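The structure appears right after this line, and notes come after that.
Laboratory data are not the source of any read-out in this text; all were calculated from the coordinates shown. Not measured: the values here are computed from a predicted model. Every residue, glycine among them, receives a Cβ derived from its backbone with ideal geometry; neighbour counts consider all protein chains shown.
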Amino acid sequence: MKISSIEAKYLVKIGGNELIIHQARNERGEKIYIFQTLKNIKLGESEEWNEDLNNVQTIDSRDKLPDDLKRTLRKVLK
């Protein structure tokens with residue numbers, strides 16, 4: 001499956017963890033959600049990779065998420 005576009009990114013705090021959710025479309029135009037917890041990682045002694053969080057919408061309440069994403073998140077967290 002190829003990701004053709006990322007339409008939105010959300011940062012949601014769940015418990016003590018922060019979850020990055022990418023709203024994307026695949027090559028057939030189907031909407032998919034990608035869940036990510038990794039924001040940075042050390043690559044070597046002096047190298048580090050950091051997720052670009054500049055265009056991420058920070059969501060302080062799950063009620064502010066789109067309805068289809070709320071349903072999907074509820075299923076993932078069960």
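Some points to look at:
- Stretchable slack from residue 63 to residue 37, in nm (0.36 nm times residue separation minus alpha-carbon distance): 7.3 nm
- Per-residue Cβ neighbour rank within 10 angstrom, fewest leading, 18, 47: 47, 18
- Hydrodynamic radius by Kirkwood, which averages 1/r over all alpha carbon pairs of the range 3-77, in angstrom: 13.6 Å
- One chain, two ends: residue 3 and residue 49. Fully extended at 0.36 nm per residue, the span grows by 14.4 nm beyond their Cα-Cα distance.
- Angle between the chain longest axis and helix 67-77 axis [Cα atoms, degrees, rounded to 10]: 60 degrees
- Note, ³J(HN,Hα) from phi for the range 25-33, Karplus 6.51, -1.76, 1.60, rounded to Hz, x at Gly and Pro: 10, 8, 5, 8, x, 7, 7, 9, 10
- Partner aspartates and glutamates whose Cα lies under 14 Å from the Cα of residue 13, excluding those fewer than 8 positions away in the same chain, are identified as 60, 63.
- Legend: distances between Cα atoms for 31/78; 42/78; 42/64; 42/70; pairs beyond 27 Å are 42/78; 42/64; 42/70.
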